[in-house]
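Read the structure below first, then the notes.
The values are calculated or read from the model by the stated rules, or taken from the named source; none is laboratory data. Here the structure is a predicted model, which means the values were calculated and not measured. All Cβ positions, even for glycine, are placed from backbone atoms using ideal geometry, and neighbour counts span all protein chains on display.
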Amino acid sequence: MKVVTVQEMREIDKVCSEQFGIQSSLLMERAGLSVVLAIEQNFGDITNQSFLVLCGQGNNGGDGFVVARDLLEYTDYVTTVFVGDEEKLSPESVENLKRLKALGADVRRIAKDINPDELAELLKKSDIVVDALLGIGVRGEVREPISQIIKLVNLYSKYVVSVDVPSGIETDTGSVLGIAVQADMTVTFGLPKVCHLLYPGRELCGKLKVASIGIPRFLRESEQIKRQIITKQLVRSLLPRRLRDSHKGSYGKVLVVAGSIDYPGAAVLTSTAALRVGCGYLQLLSSPSACAIAVTREPGIVARAINHEHFTGEDTELALEMAQDADAVVIGPGMTCNEDTIEFFEKFIVNLRKPVIIDADGLNCLARKPQILDKIIAPVVLTPHPGEFARLLHREINEVKYNYVLAEEFSRKYNVVVVLKGATTLVASVNGTFFNLTGNSSLAKAGTGDVLSGMIAGLVGQGMDVKDASVSAVYLHGVAAEHYNSREGTMLTSELLNLIPSAIKEVES
């Protein structure tokens with residue numbers, strides 16, 4: 001499913017009107033009705049429910065007027081509170097307010113017909129509050145009186161349904177504009193917006209429903225829209241098939257260059273993850289202690305030790321020799337980042353010709369010598385968490401976290417795939433950006449990123465291109481965590497490895 005920004009949604013609305021004669025008044029009518037239908041689907045019989053509909057002066061408020069009118073078809077217990085200036089309403093919103101009043105509906109204006117204390121009492125008495133205060137076009141911090149109303153909504157409401165977006169959320173980032181509604185359900189129209197997918201907006205949306213309101217499908221699926229959600233159907237279509245008449249060579253060879261005496265476990269996790277997604281042959285180049293642990297953990301790993309407990313420039317020739325037979329390479333997990341390691345990393349990576357996943361200390365080496373990126377010839381996937389991406393870009397963490405625009409710019413500049421990890425992981429490539437919604441807080445643990453890099457490499461080794469492998473791996477990585485049956489957060493990283501096969505089975509079935 002595609003994901004749109006404010007500007008892209010406005011362009012779609014414009015095309016609907018100018019090229020197909022689908023007027024905004026019709027879309028507003030269908031939007032309001034879709035909210036009511038979503039409420040009915042969620043609650044069943046709503047004839048005995050009481051509603052409070054809060055409407056602002058933008059088109060979001062116009063949708064709210066339609067919601068209030070349609071709710072009156074089910075119940076008499078509907079109160080509408082208008083916040084704003086009627087003279088600033090769009091023609092469509094004015095018309096829908098007139099229709100609502102013509103029905104004899106209870107419509108009150110904030111400050112004139114109802115004060116904050118009375119509104120608080122209404123909120124307490126209402127079973128369901130419909131938030132149609134602010135829409136997708138809001139900019140800047142929320143001001144009075146709406147900020148005060150949002151505070152009351154969050155304090156006293158039993159159940160909140162937001163129209164299109166929770167009021168107070170910046171649509172293109174998911175950030176809070178001072179204060180925002182905490183919705184239990186959000187009904188958006190046509191396509192999900194970025195704010196529905198990125199935190200804190202994603203959490204404030206509650207349950208998200210995407211309603212079809214008559215926007216032509218080819219517009220919703222346009223190739224001009226470069227961002228989309230990773231779905232099970234997409235991953236199923238990408239995953240390589242396994243044939244009965246096959247052998248280890250059929251499923252690729254992966255080389256993992258990782259680990260040190262300080263961090264031996266990272267090499268084990270990355271190597272085992274590549275095998276878990278189906279890689280046929282796994283070579284590990286690491287320190288002697290890490291190799292010993294890896295073979296003990298999984299004898300199927302073909303391990304070769306360097307002469308020291310850390311990588312140095314002397315290991316470059318051996319690493320490049322082993323890479324000649326590989327279909328994919330991972331470099332970085334647990335490798336450390338000292339001067340010797342950076343020397344090795346640079347000599348190896350600029351001479352490598354195989355697809356490579358750069359993770360952890362590999363990213364730290366790049367941050368120390370960013371000019372290396374200009375010399376890399378091989379297809380590249382970078383898998384930074386926000387701290388690593390901040391170091392790469394020499395920015396603050398809060399500037400890069402969930403920043404899909406920066407990830408896209410970096411991807412285009414260096415022709416790489418960027419997997420920006422987080423509660424919503426972003427996969428940015430020159431061909432588009434993908435948002436992953438699978439996973440849970442069990443992944444907030446050391447080593448799970450090493451598992452992800454191994455999974456990506458294991459899929460690349462089986463013939464997938466680096467973008468498709470990254471998209472598939474982040475989805476499976478999240479599903480695997482969701483398959484953990486005990487209390488969320490208590491999963492060991494090693495247990496995540498054992499859940500990868502069940503995640504693949506779920507997707508393939």
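List of remarks:
- Hey, Val4 crowded, with 20+ Cβ neighbours inside 10 Å, under 18 Å from Ser90 (Cβ atoms) and touching a strand residue (DSSP E or B) at 6+ places or on another chain (Cβ under 7 Å) or not: no
- Among the residues listed as Thr316, Thr296, the single one being assigned to a helix (DSSP H, G or I), in contact (Cβ under 8 Å) with a residue 12 or more places away in the chain and hydroxyl-bearing (Ser, Thr, Tyr): Thr316
- Taken over segment 390-416, the residue count meeting the criterion of being of a type in the set (Asp, Glu) and closer than 21 Å to Asp361 by Cα is 1.
- Test: residue in segment 198-206 that is touching a residue at least 40 places away in the same chain (Cβ under 8 Å) and more than 17 Å from the chain's Cα centre (by Cα): no
- Any hit, segment 90-102, residues being in contact with a helix residue (DSSP H, G or I) (Cβ under 8 Å, 6 or more places away or on another chain), assigned to a helix (DSSP H, G or I) and of a type in the set (S, T, N, Q): yes
- The residue pairs whose first member lies in segment 54-66 and is modelled with pLDDT under 95 and aromatic (Phe, Trp, Tyr), whose second member is surrounded by fewer than 24 Cβ atoms within 10 Å (Cβ to Cβ) and not in a helix (DSSP H, G or I), and whose beta carbons are closer than 8 Å, counting only pairs six or more residues apart or on different chains, do not exist in this structure.
- Within segment 482-497, the set of residues being in contact (Cβ under 8 Å) with a residue 12 or more places away in the chain and part of a helix (DSSP H, G or I) comprises Glu482, Thr493, Ser494, Leu496, Leu497.
- Apart from one condition, Ile150 fits all of (1) buried (at least 18 other Cβ atoms within 10 Å of the Cβ); (2) among the hydrophobic types (A, V, I, L, M, F, W, C); (3) within 23 Å of Arg227 (Cα to Cα); the exception is (3).
- Listed conditions (1) in contact with a Pro (Cβ under 8 Å, 6 or more places away or on another chain); (2) under 21 Å from Lys445 (Cα atoms); (3) in a helix (DSSP H, G or I) are all met by Ser271, apart from (1).
- Any hit, segment 328-348, residues being among the acidic types (Asp, Glu) and in contact (Cβ under 8 Å) with a residue 60 or more places away in the chain: no
- Residues of segment 356-374 classified as outside any helix (DSSP H, G or I) and surrounded by 24 or more Cβ atoms within 10 Å (Cβ to Cβ), total: 5
- Residues within segment 150-190 that are under 24 Å from Met1 (Cα atoms), outside any loop (DSSP other than H, G, I, E, B) and touching a residue at least 40 places away in the same chain (Cβ under 8 Å), tallied: 6
- Within segment 248-300, the set of residues being surrounded by fewer than 24 Cβ atoms within 10 Å (Cβ to Cβ), hydrophobic (A, V, I, L, M, F, W, C) and over 29 Å from the mean Cα position of the chain (by Cα) comprises Ile261, Cys291, Ala292, Ile293, Val295.
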